[in-house]
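*Asks:* I'd like to ask you about the structure that follows.
No lab work stands behind these numbers, since they all come straight from the coordinates. Since the model is a prediction, treat every value here as computed from it, not as a measurement. No Cβ is skipped: glycine too gets one built from the backbone with ideal geometry, and neighbour counts run over all protein chains shown.
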Amino acid sequence: MTTSSGSAPGPDAAAGDRSGLAARYTSAWELVPDGRARDDGGALVLPVRTRAGEPAVLRLSPPRSGAEHEHLALRLWGGRGAVRLLRAEPADRALLLERTADHDLHALPVLEACRVLGELTRALARPPRPPFPRLSAAARRWREDLAGATELDARFPRRFRLQAVKNLERLLRGELDTALVHQDLHHGAVRAAQRSPWLATGADPVLGTPEFALVPALWRRTEQAGRGGALAAALEDRIEALSLAAGADPERLRAWALVRFAVAARAGTARPTGAPHGELSRLVQLCKAVQRGA
């Protein structure tokens, strides 16, 4: 694994021209295209083979907060629980990664997928170290923002906004920056591989806690669970499966879940176009369902 050398394209490449950037890195890193490029959450992913014939993928991501740390987390993980990083040019958000299979955790029943996500969360946890962002700093920002976000109450229940603030106040009394974790590990971000049954395909690193990292597994694939009591029962089963697999505290997972649902609602309503009604409605349902005894 190496970081870029002087022969690779520099940071002046146009961010919007990822196809042109892919051609430049294919040449600079002596890669051979080995399939059709695809879009993966806004990133361009091109199957390639290295000069040695190793199957890999060249991924070029759009600018986003935290992307500058992805290669560092992948390097620290060293292929344990995540794809191997073969080469990187952080300035262009260009990564050469181990190739995985096409199917992700949507291929498994929900609770089995939760077990895998919990085990990967445990496997990916590393001792905290710079320069990764700290959950404690984000939690303080969220507490202050949600506390004053009275305009959110017109579209999102005030009681959930205030409960999220209380949860954050309680969580901030403890240590939050306990481990390097993947904060967006979900069903679509984990794929099957030859050397391991399942691997995270990238990284969204933060110094945080396992309970915070497990929340994305709760709010995805919930449509079939329905509403009300059925949704609450489904989330209860997920919380149990995730907590057991990750060695996490289920009550802290509940607390972080409500916080992250409220933060998502706040971010949605702050968009220039506003959040779609269906998106906010689902977040409200999830807030209700994650309550103990719902």
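*Asks:* Once you keep just the Cα pairs under 8 angstrom separated by 6 or more residues, what percentage relative contact order results for the chain?
*Replies:* 17 percent
*Asks:* Over the Cα atoms of the stretch 199-294, Rg to Rh with Kirkwood Rh, two decimal places?
*Replies:* 0.97
*Asks:* Report, by chain and number, residues whose modeled amide H sits under 5 Å from the one on Asp40, excluding near sequence neighbours (fewer than 5 apart, same chain).
*Replies:* Here Val45 satisfy the definition.
*Asks:* While we're looking at this one, here's another question. Considering every Cα-Cα pair within the stretch 122-172, what fraction, in whole percent, is farther apart than 12 Å?
*Replies:* 68 percent
*Asks:* Can you work out ³J(HN,Hα) from phi for every residue in the stretch 160-167, in order, using Karplus 6.51 cos²θ - 1.76 cosθ + 1.60 and θ = phi - 60°, giving whole Hz and x for Gly and Pro?
*Replies:* These are the phi-based 3J(HN,Hα) values: 6, 4, 5, 5, 4, 4, 5, 4 Hz.
*Asks:* Then there's this: Amide H of Asp204: which non-local residues (sequence gap of 5 or more, or other chain) have their own amide H closer than 5 Å, using H built in the peptide plane?
*Replies:* Under 5 Å from the amide H of Asp204: Gln183, Asp184.
*Asks:* So, one more: Under 5 Å between amide hydrogens, which residues at least 5 positions from Leu86 or on another chain qualify, with H placed 1.01 Å from N in the peptide plane?
*Replies:* Answer set, sorted by chain and number: Leu96, Leu97, Glu98.
*Asks:* Taking the DSSP beta bridges in the stretch 105-289 as the whole, what percent of them are antiparallel, to the nearest 5?
*Replies:* Just about 90 percent of them are antiparallel.
*Asks:* On a C-alpha basis, how far is the centre of the stretch 190-211 from the centre of the stretch 39-104 in Å? Whole number, if you could?
*Replies:* Cα centroid to Cα centroid, the span is 12 Å.
*Asks:* Separate question: To test your reading of the geometry: what angle, between 0 and 90 degrees and rounded to tens, separates the Cα axis of helix 228-246 from the longest principal axis of the chain?
*Replies:* Here the helix axis deviates by roughly 50 degrees.
*Asks:* ³J(HN,Hα) across the stretch 205-210 via Karplus (A = 6.51, B = -1.76, C = 1.60, θ = phi - 60°), whole Hz, x for Gly/Pro?
*Replies:* Running phi through 6.51 cos²θ - 1.76 cosθ + 1.60 with θ = phi - 60° gives x, 8, 7, x, 10, x Hz.
*Asks:* Projected onto the charge dipole of the stretch 105-289 (+1 at Lys/Arg Cβ, -1 at Asp/Glu Cβ, origin at the Cα centre), which of Val181, Pro131, Leu286 gives the Cα projection farthest towards the positive end?
*Replies:* Farthest towards the positive pole: Pro131.
*Asks:* From the P(r) of the stretch 173-240, could you give the percentage of C-alpha pairs in the tail past 17 Å?
*Replies:* Result for the distance tail: 55 percent.
*Asks:* Stokes-Einstein at 10 °C, 1.306 mPa s, Kirkwood radius from Cα pairs: D for the stretch 253-294 in µm² s⁻¹?
*Replies:* 150 µm²/s
*Asks:* Further question on the same structure: Of the listed values [x] 180; [y] 121; [z] 137, identify the label whose number matches volume of the Cα convex hull per residue in Å³ calculated from this model.
*Replies:* Comparing each candidate, only [z] matches the computed number.
*Asks:* Suppose every Lys and Arg Cβ carries +1 and every Asp and Glu Cβ carries -1, with no other charges. What dipole size does the chain come out with about its Cα centre, to the nearest 20 debye?
*Replies:* Dipole about the Cα centre, nearest 20: 520 debye.
*Asks:* May I pose another question? Looking at the chain as a GNM with Cα springs under 10 Å, which of Ala88, Ala154, Ala123 has the largest mean-square fluctuation?
*Replies:* Ala154
*Asks:* Go through 224-230, 212-218, 130-136 and give me the packing order, highest mean Cβ count within 10 Å leading.
*Replies:* 212-218, 130-136, 224-230
*Asks:* Choose one answer from Ala139, Ala67, Ala23: the residue with the largest mean-square fluctuation in a GNM of the chain with alpha-carbon springs under 10 Å.
*Replies:* Residue with maximal mean-square fluctuation among Ala139, Ala67, Ala23: Ala23.
*Asks:* Quick one, what does Rg over Rh come out to for the stretch 46-192 if you take C-alpha atoms and the Kirkwood Rh?
*Replies:* 1.04
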